[in-house]
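Colleague: First the structure, then my questions, so here it is.
The values are calculated or read from the model by the stated rules, or taken from the named source; none is laboratory data. Predicted model, so just to flag it, every value in this text is computed and none were measured. Neighbour counts are summed over all protein chains in view; Cβ atoms, including those assigned to glycine, are modelled from backbone coordinates with ideal geometry. Just so you know, the surface numbers come from the protein's heavy atoms only, side chains and all, with ligands and any DNA or RNA stripped out. Shrake-Rupley method; radii C 1.70, N 1.55, O 1.52, S 1.80 Å.
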Protein chains: 2
Amino acid sequence: MEIAEYVAEIGRRAKQTAPILARLSSTCKNQLLIKMADYLVAESEAILAANRQDVEQGKSKGLSAALIDRLTLTPQRIQGMAEGLRTLVSLEDPIGKVTGMWKRPNGLEIGQQRVPLGVVGIIYEARPNVTVDAAGLTLKTGNAVILKGGSEALHSNQALVGTLRKALADLELPEDAVILVERTEREAATALMKLNQYLDVLIPRGGSGLIRAVVENSTVPVIETGVGNCHTYIDGDAELEMARRIAFNAKVHRPGVCNAMETLLVQRDIAPRILPLLAEDYQKAGVELRGCPETCRLIAARPATEEDWATEYLDLILAVKIVADVHEAIAHINRYGTRHSECIVTTSYAKARLFLAEIDAAAVYVNASTRFTDGFEFGFGAEIGISTQKLHARGPMGLEALTTIKYIIYGDGQIRK
Amino acid sequence: MEIAEYVAEIGRRAKQTAPILARLSSTCKNQLLIKMADYLVAESEAILAANRQDVEQGKSKGLSAALIDRLTLTPQRIQGMAEGLRTLVSLEDPIGKVTGMWKRPNGLEIGQQRVPLGVVGIIYEARPNVTVDAAGLTLKTGNAVILKGGSEALHSNQALVGTLRKALADLELPEDAVILVERTEREAATALMKLNQYLDVLIPRGGSGLIRAVVENSTVPVIETGVGNCHTYIDGDAELEMARRIAFNAKVHRPGVCNAMETLLVQRDIAPRILPLLAEDYQKAGVELRGCPETCRLIAARPATEEDWATEYLDLILAVKIVADVHEAIAHINRYGTRHSECIVTTSYAKARLFLAEIDAAAVYVNASTRFTDGFEFGFGAEIGISTQKLHARGPMGLEALTTIKYIIYGDGQIRK
C-alpha cells in the first residue's frame, strides 16, 4: 500500500506539469533540450561515478557481460546521449499542427489539432541511455514522463534524471516533468501499470518478458513494442545474388535486434542453388542453422523443431524452411510471425504485389533487408520504439506516436436541432 | 475452461476470415452491405418473432421500461438498420489508401498504407441495433467482427446475425466474418477480454459500468468510449442570448447521451443576469438544478455536493457553479471533466484561444453546443463510438478508427550497412 501511494504521488506530480508542458513553444522546448545536453556533458564526472556504483554492484551480483556492457557508461556514451538530445532540436515539432480543418453545412468549423498525450510512462531495463532518450522524446512532444528503469541502473538513473531536472529548473520549468520511480520493488512497476488516473500511456522498452508482463498486467493503455520473429522469403524467381546478400544482411548485420531475420523461407526450385551458397556465408559468420527435413538434406543443419518456427533467437541462429510457393510462405509467416518485418525477394511483379497485400505485419519489404525497420532509417529522425500492435501506432514510432489529437470547434452560436 | 475454449474457437474462426476480408474490393464490400440490408428487410418477420421472445422474457424479469424500449424491435426499426447499412455504401472505403510515400537516400520507397485491424470485438448491452451497426462498420473496413451483446437480447441477436450471415454466404464469403458469442455467462465476456491471440481490439459500447469492467479486465487493446461529464462555461463577455440558447440545448436536447452538458459554469459578473433566465428555461423543461452556494442565492436550486461536480447524470439534472474567471473554469473542467466535450461561450478572442489551448478534451467548442460531438455531425458519415482515450482515436470515431496502417517498402536489393 505504501508503494502504491508513493507511485500515485509521482503520478500526481507528473500530471500537474502536463498542462504547462503542453503549452510550451517549440523554441522553449528546444532550449531545454540543448540545456539538458550541456548539463549531461558538464556533469559527466558525477554521472560516471554513480554508474560505477551500479556496475560494481552488477558485477558482484553476477550480471552477464552483455548486461554489464549495456549498463556501463563512458564519457563517449554520455557524449552520445547529449548528441541525441541535440539531434531532436532540428526535428519538426508536431504539437499544435492542425492536420485538417473543414466547415460543416451549419457553419461549424472543425479542426483536428495535434496535442501531447499528457503523461507518458516508460518501463525499461538496466540501460541508462534509455533514460535520456525517452526524456528527450517525451519533452520534445510536450509530455511529462515517468521513468521506471531496471533496478541495476538505479544510481545511474538518479544521476541522469537529477542532471536533466537541473536544466528544467534553469528554465523555470517544473522539474517534475521528468520523474524517476526510485523504489525498485516489483510492486512499484505493478502500481505504475494501474495508474490510469495519471498516466496516459505506458511504453515498455526491453525484452519479451518485460513486454509480456506489461501487456498482461497493465490497465493503462500500452504500446507494445519490439518482439520480432522476422522472415525473409526467397522466391523461385529471385535474383540469386540479391537474395543471398539480403538474407545474409538480415541475419548477420546485427542479430540481437528485433528487425533481424529469424527464419529463412526458400522456394523449393531455387533451394538447391541458393542454400549451399548461403550455408557457406552463414558458416563463415558463425551462424547455427536449423532446418526442415528437406533443408537438412541439402545443407548441414540441425533438424528444426516446431518451436524453432516460433522463436525470436536474437542470436546467430537461423531456422530454414523450404516451401512450395509464395502462398505457403505467406501462410507460414502469418502463422508464426510476430507482425514486425517481413521480406520477399523476387523478380515477379505479381508475387511482390501478393506478398505486400497478404502479409499482416508492420513493415512488408520487397527486395530489401528487414534491418531497415527503424525510425531513423525510415526518415523520422527519432524513434521511441517499434510498435508491433495495431492500435495508435504501428512500426517505427517517431515523435508523432507520442501525440494525440483534439478537435477544436469554432461556432457562432450553433445548437443541435 | 469449457467457456474459454468456446470463445477461443470463435476467435480462431473469426481470425481465419480476416485475410479474406482484408483483400475484398470496395465493390464487393458494398454489395455485401446491400445484400445484408435486403435480407434484414426480407426476414423481418423472423427477426421480430425472436425479438418478441426477448422482450417477453425481459418483461417477466422486470427490466425497466427504458431497457425494454431499447430492446424492442419494430418493422420501422429494422428498416432503420437496413438504411444504416445502405448509407455505409456511399462512404469512401479507407482500406488501401496510401497516406504517404517517400523515397529514402538509399533508394528505398516507403509508403504508409491503410489496412484493416483484423478482428474487432464489440461488447455491448441489450441493444439489437448495435449488432447490425457494428457488423456493417467493421465489414465496410474489411474487418471480421465478434459480437458479444447483452444476454437479454440473445434471441434477437441470433436472428440478426443469422440473417447477416446469409448475405455473406450468398456472396461466397466466409460466414464467420460475423460471429455472435452465444454463451451468456459472465465468463464468456471475460474470456473475450483475454483473447489477445485472435482479437486485435475490443470496443465496449454501453454504460459506464460496462466500459469500466472492460478497461479493467481486458488484456486485449481497448478503445474506451463514451463517458461524458461535459461542461459549458459562460464567460463574463458572452453574448447573453447565445449563451442561453447553447446552455439550454446542451442540457435539454437529449439529456441521456454522452455529449450532453452535466455542469454549467458561469462567470460571477454575468451570473445575476443570465442565471435567472436560464433557471426559468430549465424549469419549464423540468430540469432539476443543483448549485454551488452562490448559485443557490441567485436561483432556486438544491445545494450541490462535491459528488455532483463529478457526476454524469444522463438525465434532466444540472450542476451549476459560479466561477471567478476563465482560469477557474478551465481548472474545474480539467479536474472534474472526463475529457469528452467542453464549451466556452464568449465574445473574447483571447479567452476563446485560451480555452481551446488549455482544455484537455476530445472536443473543445467555442460558441456551440457540445451536442455536436458525433460522427455524423462531424461529417464522418458513420460512427462506431466516441473515444475518450487518447491512444489510436479520440472523439467521434468514423471508419478510419477501425483501420491501422502497414508500411510497404519497395527495394532494389538494399542492405543495411
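Colleague: Inspect all residues belonging to segment A:246-253 and state whether any of them is of a type in the set (A, V, I, L, M, F, W, C) and more than 13 Å from chain B (Cβ to nearest Cβ). Reasoning before the result, please.
Modeller: Initially, segment A:246-253 is screened for residues of a type in the set (A, V, I, L, M, F, W, C), giving A:246-248, A:250, A:252.
Within this subset, residues satisfying the condition of being more than 13 Å from chain B (Cβ to nearest Cβ) are none.
The answer is no, given that none of the residues of segment A:246-253 is of a type in the set (A, V, I, L, M, F, W, C) and more than 13 Å from chain B (Cβ to nearest Cβ).
Rundown of residues vs (1) in contact (Cβ under 8 Å) with a residue 60 or more places away in the chain; (2) outside the structural domain of B:K284 (by TED's automatic domain parsing); (3) touching an Asp or Glu at 6+ places or on another chain (Cβ under 6 Å); (4) assigned to a strand (DSSP E or B), yes/no style:
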site: B:I322; (1), (2), (3), (4): no, no, yes, yes
site: B:H327; (1), (2), (3), (4): no, no, no, no
site: B:R335; (1), (2), (3), (4): no, no, no, no
site: B:A350; (1), (2), (3), (4): no, no, no, no
site: B:L356; (1), (2), (3), (4): no, no, no, no
site: B:A401; (1), (2), (3), (4): yes, yes, no, no
site: B:I405; (1), (2), (3), (4): yes, yes, no, yes
site: B:R416; (1), (2), (3), (4): no, yes, no, no
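Colleague: Out of the residues in segment B:42-67 that are at pLDDT below 95 and part of a helix (DSSP H, G or I), which is least open to solvent (accessible area, probe 1.4 Å)?
Modeller: Only one residue fits best here, namely B:A66.
Colleague: Looking at (1) crowded, with 18+ Cβ neighbours inside 10 Å; (2) under 22 Å from B:D176 (Cα atoms); (3) among the aliphatic types (A, V, I, L, M); (4) in contact (Cβ under 8 Å) with a residue 60 or more places away in the chain, can you tell me which one B:A82 breaks?
Modeller: Unmet for B:A82, out of (1) crowded, with 18+ Cβ neighbours inside 10 Å; (2) under 22 Å from B:D176 (Cα atoms); (3) among the aliphatic types (A, V, I, L, M); (4) in contact (Cβ under 8 Å) with a residue 60 or more places away in the chain: (4).
Colleague: Filtering segment A:1-41 down to residues that are small (G, A, S) and surrounded by 16 or more Cβ atoms within 10 Å (Cβ to Cβ), which residue is nearest to A:S90 (Cα to Cα)?
Modeller: Step one: list which residues in segment A:1-41 are small (G, A, S), which gives A:4, A:8, A:11, A:14, A:18, A:22, A:25-26, A:37.
This time we only want the ones that are surrounded by 16 or more Cβ atoms within 10 Å (Cβ to Cβ), so: A:8, A:11, A:14, A:18, A:22, A:26, A:37.
On the way: A:A8: 35, A:G11: 30, A:A14: 26, A:A18: 23, A:A22: 19, A:S26: 10, A:A37: 14 Å.
Among those that are small (G, A, S) and surrounded by 16 or more Cβ atoms within 10 Å (Cβ to Cβ), it is A:S26.
Colleague: Still on this structure: Can you name the residue in segment A:218-237 that is in a loop (DSSP other than H, G, I, E, B) and within 10 Å of chain B (Cβ to nearest Cβ) and is also surrounded by the fewest Cβ atoms within 10 Å (Cβ to Cβ) among such residues?
Modeller: Initial filter on segment A:218-237 (in a loop (DSSP other than H, G, I, E, B)): A:218-221, A:223-224, A:226-229, A:235-237.
Add one more test, that the residue is within 10 Å of chain B (Cβ to nearest Cβ), and what stays is A:218-221, A:223-224.
Numbers: A:S218: 23, A:T219: 17, A:V220: 22, A:P221: 23, A:I223: 28, A:E224: 22.
Only one residue fits best here, namely A:T219.
Colleague: Then there is this: Sort out which residues of segment B:401-415 are more than 7 Å from chain A (Cβ to nearest Cβ) and either at pLDDT below 95 or surrounded by 23 or more Cβ atoms within 10 Å (Cβ to Cβ) (or both), and write them in order of number. If you could, list the steps in order and put the result at the bottom.
Modeller: Of segment B:401-415, the ones more than 7 Å from chain A (Cβ to nearest Cβ) are B:401-403.
Across segment B:401-415, the qualifying residues are B:A401, B:L402.
Colleague: Anything in segment B:290-317 that is surrounded by 13 or more Cβ atoms within 10 Å (Cβ to Cβ) and of a type in the set (S, T, N, Q)? List them, or say none.
Modeller: Answer for segment B:290-317, where residues must be surrounded by 13 or more Cβ atoms within 10 Å (Cβ to Cβ) and of a type in the set (S, T, N, Q): B:T295, B:T311.
Colleague: Considering (1) more than 14 Å from chain B (Cβ to nearest Cβ); (2) aliphatic (A, V, I, L, M); (3) in contact with a Gly (Cβ under 6 Å, 6 or more places away or on another chain), say which one A:M81 fails and leave the rest.
Modeller: It is condition (3) that A:M81 fails.
Colleague: Out of (1) facing chain A (nearest Cβ under 8 Å); (2) touching a Cys at 6+ places or on another chain (Cβ under 6 Å), what's the single condition that is false for B:H340?
Modeller: Condition not satisfied by B:H340: (1).
Colleague: If you check A:T305 against the conditions, is it hydroxyl-bearing (S, T, Y) and within 21 Å of the chain's Cα centre (by Cα)?
Modeller: In short, no.
Colleague: Collect the residues in segment B:84-126 that are at the interface with chain A (Cβ under 9 Å from one of its Cβ atoms), farther than 18 Å from B:A401 by Cα and among the hydrophobic types (A, V, I, L, M, F, W, C), keeping them in residue-number order.
Modeller: B:W102, B:L108, B:I110
Colleague: Applying the selection to segment B:88-112, what residues are modelled with pLDDT under 95 and open to solvent by less than 70 Å² (accessible area, probe 1.4 Å)?
Modeller: Answer for segment B:88-112, where residues must be modelled with pLDDT under 95 and open to solvent by less than 70 Å² (accessible area, probe 1.4 Å): just B:G100.
Colleague: Does segment B:257-284 hold any residues that are within 14 Å of chain A (Cβ to nearest Cβ) and in a loop (DSSP other than H, G, I, E, B), and which are they?
Modeller: B:V257, B:C258, B:N259, B:A260
Colleague: Here's something else I'd like to know. May I ask you to list the residues in segment B:328-344 that are among the small types (G, A, S), open to solvent by less than 40 Å² (accessible area, probe 1.4 Å) and under 17 Å from B:E306 (Cα atoms)? If you could, list the steps in order and put the result at the bottom.
Modeller: At the first step, the residues of segment B:328-344 found to be among the small types (G, A, S) are B:329, B:331, B:337, B:341.
Add one more test, that the residue is open to solvent by less than 40 Å² (accessible area, probe 1.4 Å), and what stays is B:329, B:337, B:341.
Across segment B:328-344, the qualifying residues are B:A329, B:G337.
Colleague: While we're on this one: Within segment B:183-204, take every residue that is surrounded by fewer than 21 Cβ atoms within 10 Å (Cβ to Cβ) and closer than 19 Å to B:S151 by Cβ and give me the one that is farthest from the other protein chains (Cβ to nearest Cβ). Walk me through it before giving the result.
Modeller: Restricting attention to segment B:183-204, the residues satisfying the condition of being surrounded by fewer than 21 Cβ atoms within 10 Å (Cβ to Cβ) are B:183-188, B:190, B:194, B:196-197.
Going one step further and asking which of them are closer than 19 Å to B:S151 by Cβ, we end up with B:183-188, B:190.
On the way: B:R183: 24, B:T184: 25, B:E185: 23, B:R186: 19, B:E187: 18, B:A188: 20, B:T190: 14 Å.
Only one residue fits best here, namely B:T184.
Colleague: When the residues of segment A:369-388 are filtered to those that are within 11 Å of chain B (Cβ to nearest Cβ) and open to solvent by 20 Å² or more (accessible area, probe 1.4 Å), which remaining residue is nearest to A:V98 (Cα to Cα)?
Modeller: Of the residues in segment A:369-388, the ones within 11 Å of chain B (Cβ to nearest Cβ) are A:369-374, A:376-380, A:386-387.
So of that shortlist, the ones also open to solvent by 20 Å² or more (accessible area, probe 1.4 Å) come out as A:374, A:376-377, A:379-380.
Working: A:D374: 26, A:F376: 25, A:E377: 26, A:G379: 22, A:F380: 19 Å.
Checking each candidate, the answer is A:F380.
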